[in-house]
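Step one of this worksheet: look at the structure below.
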């Protein structure tokens, strides 16, 4: 799978700008980690783009319905398993590095964007680890974001939490304008 194929799937099923922006954020974080771990950036980015493609049309069946659709489109079982694993409730274990990274960056990307949006400058590059940690303590802020999954993601990936947050913040800077943010 390449980026063009992933974009085609994303745009076929996802109409809301916010969910598309989330896909672009996760794509960027996935690409950055792929580069760090000397993995296939194109493939990892494509997985980031489509991990939530079915959420808008099938929220109660996500990501299982998406896995079925991807199977029909000829996407490998390996990639479908990675995508299924990003949702804790599926019970699908995250055995590959790609699966662990997807889980680790998914909720965190959304949270970092939320932190950025309340800053006067709306500059993702100015978001500090300290400000992310402070906002994580405020349960009313971005209340739908699962803080436990953010922490568990870094733990499963085997990276220091603060380094992980910093890494993902920096991964979002190059796509800031695409996300409606300042670099």
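Quick notes
- Residue in segment 162-174 that is out of contact with any strand residue (DSSP E or B) (no Cβ under 7 Å at 6 or more places or on another chain), surrounded by fewer than 13 Cβ atoms within 10 Å (Cβ to Cβ) and either modelled with pLDDT of 95 or more or closer than 25 Å to residue 44 by Cβ (or both) present: yes
- Test: residue in segment 46-57 that is more than 24 Å from residue 170 (Cβ to Cβ) and assigned to a helix (DSSP H, G or I): no
- Residue in segment 107-122 that is surrounded by fewer than 18 Cβ atoms within 10 Å (Cβ to Cβ) and touching a strand residue (DSSP E or B) at 6+ places or on another chain (Cβ under 8 Å) present: yes
- Among the residues making up segment 55-66, a single one is buried (at least 21 other Cβ atoms within 10 Å of the Cβ) and more than 16 Å from residue 110 (Cβ to Cβ): 66.
- Scanning segment 157-175 for residues that are in a helix (DSSP H, G or I) and closer than 20 Å to residue 86 by Cα yields 157, 161, 164, 165, 167, 168, 169, 171, 172.
- Breaking point among (1) outside any helix (DSSP H, G or I); (2) loosely packed, with under 15 Cβ neighbours inside 10 Å; (3) modelled with pLDDT of 95 or more, for residue 144: (3)
- Selection within segment 38-54 - farther than 17 Å from residue 8 by Cβ, surrounded by fewer than 23 Cβ atoms within 10 Å (Cβ to Cβ) and either in contact (Cβ under 8 Å) with a residue 24 or more places away in the chain or under 17 Å from the mean Cα position of the chain (by Cα) (or both): 39, 40, 41
- Annotation for segment 127-141: no member residue is surrounded by 22 or more Cβ atoms within 10 Å (Cβ to Cβ), closer than 22 Å to residue 7 by Cβ and touching a helix residue (DSSP H, G or I) at 6+ places or on another chain (Cβ under 7 Å).
- The criterion of being part of a helix (DSSP H, G or I) and either on the phi > 0 side of the Ramachandran plot or surrounded by fewer than 20 Cβ atoms within 10 Å (Cβ to Cβ) (or both) holds for residue 178.
- When segment 76-94 is filtered for residues that are touching a helix residue (DSSP H, G or I) at 6+ places or on another chain (Cβ under 8 Å) and assigned to a loop (DSSP other than H, G, I, E, B), the ones remaining, listed by number, are 86, 92, 93, 94.
The values are calculated or read from the model by the stated rules, or taken from the named source; none is laboratory data. Please read these numbers as outputs of a predicted model, since none were measured by experiment. So basically every Cβ, Gly included, is an ideal-geometry build from the backbone, and we count neighbours across all protein chains shown.
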